[in-house]
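Heads up, the thing below is written out as structure tokens.
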Amino acid sequence: MVFDIDEDLEGNTISPDGDVRVEAPRSGMEFPIENELTAYYKQYAEQEGFGVRTQKTKKDDDGMPVYVTIGCARREKYQPKNINPSKPRTTTKTDCKAKVNVTLNKNEKWVITTVENVHNHITISPNKSRLLRSHKHLDEYSQRILDLNDRVGIRMNKNYFSLVVDTGGFENLDFQERDCRNFIDKARHLRLGKGGGDSLYVCFQRMRNQNDRFVSAMDVDDDERLLNIFWANARSRSAYEYFGDVVTFDTTYLTNRYGMPFAPLIGVNHHGQCILLGAGLLSSEDTYSFVWLFHMWLDCINGRALKAIITDQD
């Protein structure tokens with residue numbers, strides 16, 4: 001059977017089923033910006049049935065990227081460490097060499113310099129490659145539907161199935177139920193529960209009325225989502241004045257409704273006992289949250305910074 005092959009206005013091949021197929025990468029291809037280069041190679045990888053990842057990036061003295069290597073996600077070779085040889089772990093790493101090297105030329109355009117399109121493993125069907133990690137995409141519309149349904153108490157399996165029905169089938173989604181569940185878990189971490197924020201505020205206010213040396217702070221975004229919390233009572237503030245030379249700081253997850261990392265600030269008294277000098281709940285273990293927490297604590301202790309902090313490598 002012979003099919004008529006058409007092309008779109010940009011020269012890309014249109015398959016018999018109507019899907020646009022981009023041409024394979026070749027030396028000399030140019031792209032005006034790096035994002036277009038990445039989008040092109042991802043589209044090519046999805047139609048060919050393999051995942052992608054950025055393998056190497058070189059930057060100039062100003063920190064701007066000037067050289068990029070993008071290739072197959074199976075690039076690295078699996079190196080087992082201290083693994084029982086009788087129970088080897090499964091891996092998808094095959095040291096695949098498929099990649100493109102791209103450099104920024106004098107005209108500020110990204111040019112493909114070298115290409116390797118041959119894989120040392122079997123690629124999968126394009127219908128399945130959309131579910132590879134590099135090709136998954138939970139769009140803004142689906143995020144909004146998931147969040148609204150979760151707010152009214154719809155279970156995850158029915159929440160996900162509503163999107164399946166809305167798009168006309170599983171094959172029309174670029175994500176799976178597990179991705180929806182991860183999104184909802186993250187949204188719950190940031191969302192104030194029903195009356196939760198008000199209850200917390202009332203609790204802090206009551207403690208402040210009992211002792212005016214109790215301090216607290218709540219960081220809330222424009223959508224009334226709880227980001228970070230800090231509090232310290234009078235005993236903690238007094239203890240810092242005597243035992244605040246060295247403090248240990250580490251975050252640990254709690255099995256609460258929000259799953260927010262708990263961040264205690266711990267000191268040691270003259271009896272060798274651990275004492276709480278302050279505490280916080282964080283929406284995320286990122287720079288913003290840590291900076292906010294330490295700013296709040298510094299205000300709490302009247303700007304008298306400690307001499308040392310003991311923490312882990314994270």
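The values are calculated or read from the model by the stated rules, or taken from the named source; none is laboratory data. Just so we're clear, the structure is a prediction, and the values are computed from it rather than from any experiment. Backbone-built Cβ (ideal geometry, glycine too); neighbour counts: all protein chains shown.
Scanning the range 97-144 for residues that are surrounded by 12 or more Cβ atoms within 10 Å (Cβ to Cβ), in contact with a helix residue (DSSP H, G or I) (Cβ under 7 Å, 6 or more places away or on another chain) and not in a loop (DSSP other than H, G, I, E, B) yields Val100, Val102, Trp110, Pro126, Ser129, Ser142, Gln143. Restricting to the range 89-122, and then to whatever is among the hydroxyl-bearing types (Ser, Thr, Tyr) and modelled with pLDDT under 90, can you tell me which residue is farthest from Tyr41 (Cα to Cα)? Filtering the range 89-122 for residues that are among the hydroxyl-bearing types (Ser, Thr, Tyr) and modelled with pLDDT under 90, the one farthest from Tyr41 (Cα to Cα) comes out as Thr90.
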